[in-house]
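Novice: Structure below; questions to follow.
We did not get these values from a lab; they are worked out from the coordinates using the rules stated. Keep in mind it's a predicted model, so treat the numbers as computed, not measured. Note: ideal-geometry Cβ built from the backbone for every residue, glycine included; neighbour counts use all protein chains shown.
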Amino acid sequence: MIGIIRTMSFMFALLISPARVLPFCHELEVVQQGRIFRAAAASAPQVTIEWLGHSTFEITSSKVTPVLTDPHGAFDLPRPTLPQHIVTASHRHGPHSSVHMAPGTPVILHGLTPSGEDWQKISTTIRDVSVYVVPAYHDKSRGMQRGKNAIFVFKIDDICIAHLGDLGHVLTPDQLKMMGKIDILLVPIAGGYFTVTPSEAREVTKLVNPKIAIPKHFWWDQAVQEYTQGLTRVKMLSTPVLKISKQELPQPIETMVMPWGQR
């Protein structure tokens with residue numbers, strides 16, 4: 001009961017504090033005489049997103065601020081080679097919180113407290129990267145089976161990126177509201193025990209309605225096939241690296257599948 005009260009209190013605090021959360025991921029456009037003006041795509045800053053396997057991404061801003069998400073710690077998967085400025089961990093499980101694999105002296109942001117019993121209240125800006133946490137769970141029973149999970153939302157070069165960590169359930173309306181308008185969704189499709197199933201991940205993707213969805217936390221082709229079933233815009237990338245600006249984002253949703261375990 002105490003845990004449920006804490007959860008509700010934290011979510012309520014986020015919802016009534018728009019200065020903490022909402023401004024990061026509200027789309028900003030200049031409208032004049034019914035027209036929307038944007039900077040030319042050729043001169044727009046690009047974000048680089050590289051999948052290092054499992055749930056680990058290196059996301060680098062145009063000003064070269066690298067962010068490492070859920071570091072896997074594995075020696076048979078790619079690792080970052082350049083010093084990192086920010087490292088995030090959605091929960092305390094080893095394959096998601098091996099922060100020692102990050103070169104340099106980064107700012108470490110754990111989504112959960114050391115005991116894993118509560119969420120950290122993270123809403124901050126480091127260099128040119130804004131980041132905040134949305135509370136979620138690792139399972140469908142409010143954390144009773146596998147604990148809590150933190151969704152990290154980043155705003156980098158005006159692009160809002162959500163890393164769902166080990167999300168174990170379909171997102172609620174309150175969580176969707178807390179996340180804001182997401183441009184790029186990094187969604188797990190592991191199969192139902194460690195995360196949502198591929199079909200549930202597809203439902204989550206439709207609820208979030210990003211411009212780009214990138215599946216993660218998978219290691220077999222069948223998961224990708226199940227996740228993309230019925231999706232009309234699917235692109236199989238030849239490299240696990242995506243460089244894109246705000247102006248280059250597609251519309252509507254485009255799923256981009258990166259090759260697993262290679263650079």
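Novice: Could you tell me which of P173, T56, P66 has its Cα farthest along the dipole of segment 44-257 towards the positive end, charges placed at Cβ (Lys, Arg +1; Asp, Glu -1), taken about the Cα centre?
Specialist: P173
Novice: Only four residue types carry charge here, +1 at the Cβ of Lys and Arg and -1 at the Cβ of Asp and Glu. Report the dipole size of segment 44-257 about the Cα centre in Debye, rounded to the nearest 20.
Specialist: Values: 20 positive and 19 negative charges, 63 e Å.
The dipole of segment 44-257 has a size of about 300 debye.
Novice: So what J values fall out for segment 233-243 if you push phi through Karplus, 6.51 cos²θ - 1.76 cosθ + 1.60 with θ = phi - 60°, rounded to Hz, Gly and Pro as x?
Specialist: Each residue of segment 233-243 in turn: 10, 10, 10, 8, 7, 8, 9, x, 10, 10, 10 Hz.
Novice: Tell me, what ³J(HN,Hα) does each residue in segment 186-191 have, in order and in whole Hz, if you take phi through Karplus 6.51 cos²θ - 1.76 cosθ + 1.60 with θ = phi - 60° and put x for Gly and Pro?
Specialist: In residue order, the calculated couplings are 9, 10, x, 9, 5, x Hz.
Novice: Continuing with the same structure: Want the number for V241 to D128: 0.36 nm per residue separation, take away the alpha-carbon distance, what's left?
Specialist: Numbers: separation 113, 0.36 × 113 = 40.68 nm, distance 2.08 nm.
Gain on extension, V241 to D128, equals 38.6 nm.
Novice: Here is a further query. What length, rounded to one decimal in nm, is gained on full extension from K181 through to S62, with 0.36 nm per residue of separation minus their alpha-carbon distance?
Specialist: Numbers: separation 119, 0.36 × 119 = 42.84 nm, distance 2.09 nm.
My answer for the length gained is 40.7 nm.
Novice: Run the Debye formula on the Cα coordinates of segment 44-257, all scatterers equal and no solvent, and tell me log10 I(q)/I(0) at q = 0.09, 0.18 1/Å.
Specialist: -0.30, -1.39
Novice: For the pair Q251 and Q225, what calculated FRET efficiency results from E = 1/(1 + (r/R0)^6), where r is the Cβ-Cβ distance and R0 = 22 Å, to the nearest 0.05? Please list the in-between numbers first.
Specialist: Numbers: r = 25 Å, r/R0 = 1.12.
FRET efficiency, Q225 to Q251: 0.35.
Novice: Of K211/K243; K148/K211; K155/K216, which ones are farther than 25 Å apart at the Cα? Mind showing how you got there, number by number?
Specialist: Working: K211/K243 14 Å; K148/K211 27 Å; K155/K216 20 Å.
As for pairs spanning more than 25 Å Cα to Cα, those are K148/K211.
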